[in-house]
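Heads up, the thing below is written out as structure tokens.
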Amino acid sequence: MCFIQTVQPSAFYFTFCVLCDAERSTETNGFSFSIFPYQSFTPSSSLFFLHLCLYVSPSPADIISTVEFNHTGELLATGDKGGRVVIFQREPESKIEPFSQGEYNVYSTFQSHEPEFDYLKSLEIEEKINKIRWLPQQNAAHFLLSTNDKTIKLWKVSERDKRPEGYNLKDEEGRIKDMSTVTSLQVPVLKPMDLMVEVSPRRVFANAHTYHVNSISVNSDYETYMSADDLRINLWHLDITDRSFNIVDIKPANMEDLTEVITAAEFHPHHCNLFVYSSSKGTLRLCDMREAALCDKHSKLFEEPEDPSARSFFSEIISSVSDVKFSHSGRYLLTRDYLTAKVWDLNMESKPLETYQVHDYLRSKLCSLYENDCIFDKFECAWNGSDSVIMTGAYNNFFRMFDRNTKRDVTLEASRESSKPRAVLKPRRVCAAGGKRRKDDISVDSLDFTKKILHTAWHPNENIIAIAATNNLYIFQDKLNSEMH
């Protein structure tokens, strides 16, 4: 599907393997591509090499709205504003091309959601995919959950490379034969066929959310999952579609008394009774379902004291948590608000263990960002497999990575404009207004706020990351590890 031409620098941390921006044809349901050079990068080096990428002109329906690796990292799913899900599969390691095992090619694409209209509320329901979550693989098939604002669906993804032939009562096209023509009995056999990937809906979970669904999370028991909207969190069993249990409800009796909304929620990776949800006030609440059926009272409240001297009109807006993720160990929480990423220790509620400034240079721009609504952008965050590095997006197609051990950080750019054949690129640096500028620094006034990286994902076991920049998907691979195979 896509050709990757790789050079072999000897000391690079990440290699940019694939950028795939798929423009789907409504007639063929296929993909059209054009070729454009792309890059590799390293947080610990200033050198960047260019390789190959795929690019097509943007379309509003093709804007990527979620990115998610499965539990092995062999599959990567993206959802877009057009309600479509595209699944990429990692290519197996090749003895001929040993440096291309990080390449991901299109595996399957399907329409997950269609636009709907709620006639009772006179409300249009967008087809945009808000979240995708994979279920752990337990047989040859894969299962994933996808949701738009109202409806959650469970999908089965399976392969078929054989077809039955030699039926006694049916012809090759499946029609019933004339009984008078059947003169002998034969044993049906399975014949090889071209590999076919089938995607079929297995469950539809609907009519449980009054407000927009912002999160879904699969429990570690692999039997239940939860879905969260602005005011409620529901617990579902994967086999039951007609009812769910409400485990959090923050809706006040009088909506005028509403002071905060739920912004994200996630189950603990190891303890099926624990989950966390974040709010627009910047708080995190850890809940234990063993304490009560309705978890209106939290077990722990994580909240950072506000500095009165730093309070402004925008304080509450920029403190809203847009994403929360448990670490793989289950010991820490990673949150993202508008300006910072924070790491919390589950044993310390009073303040975050670590705070990382993502783009503090925007503080002087909050007024204009409020006027153009950018201040309400919801950035996601991600852990690496060992919980030692965190990643999150920013504006101008920049994304940031922070090493928790060395305290080093890097700003990188995922955009085709900065890519030229075999060019050498450097980590990007933004200069605050009025500050001293180096030769290659970018002024905060020249940032493009229409180009933003909101959605990121990190391979669960390897240093492979997926970056969604508008309708472009960038995949970067650890070059050093790939050379060791």
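Structural remarks
- A dipole drawn for the stretch 261-321 from +1 and -1 charges on Cβ atoms has a positive end, and of Ser312, Thr263, Gly282 the residue lying farthest that way is Thr263.
- 12 Å reach of a label modelled at His212, 7 Å along Cα-to-Cβ, counting backbone N of the stretch 365-389: 376-378
- Using R0 = 45 Å, the C-beta based FRET efficiency linking Asp249 and Arg429 works out to 0.45.
- Efficiency of FRET from Cβ geometry, Phe117 and Glu354, R₀ 56 Å, rounded to 0.05: 0.75
- Greater than 29 Å apart at Cα, pairs in Lys121/Lys325; Lys131/Lys251; Lys378/Lys439; Lys156/Lys325: Lys121/Lys325; Lys378/Lys439
- Sorted by Cβ neighbour density within 10 Å, fewest at the top, the residues Met255, Met348: Met255, Met348
- Taking every alpha-carbon pair under 8 Å whose residues sit at least 6 apart, the stretch 286-397 reaches a relative contact order of 22 percent.
- Efficiency of FRET from Cβ geometry, Lys170 and His271, R₀ 56 Å, rounded to 0.05: 0.60
- Under the shape rule built on the C-alpha gyration tensor, where the axes satisfy a ≥ b ≥ c, the stretch 229-326 is prolate, since a/c reaches at least 1.5 and a/b is greater than b/c.
- Among Tyr104, Tyr395, Tyr167, sorting on how many other beta-carbon atoms sit within 10 Å of each Cβ, with the fewest leading, yields Tyr167, Tyr395, Tyr104.
Quick note: the coordinates plus some simple rules give every number you see, no bench work behind them. Remember, predicted model here, so these are calculated numbers, not experimental data. Backbone-built Cβ (ideal geometry, glycine too); neighbour counts: all protein chains shown.
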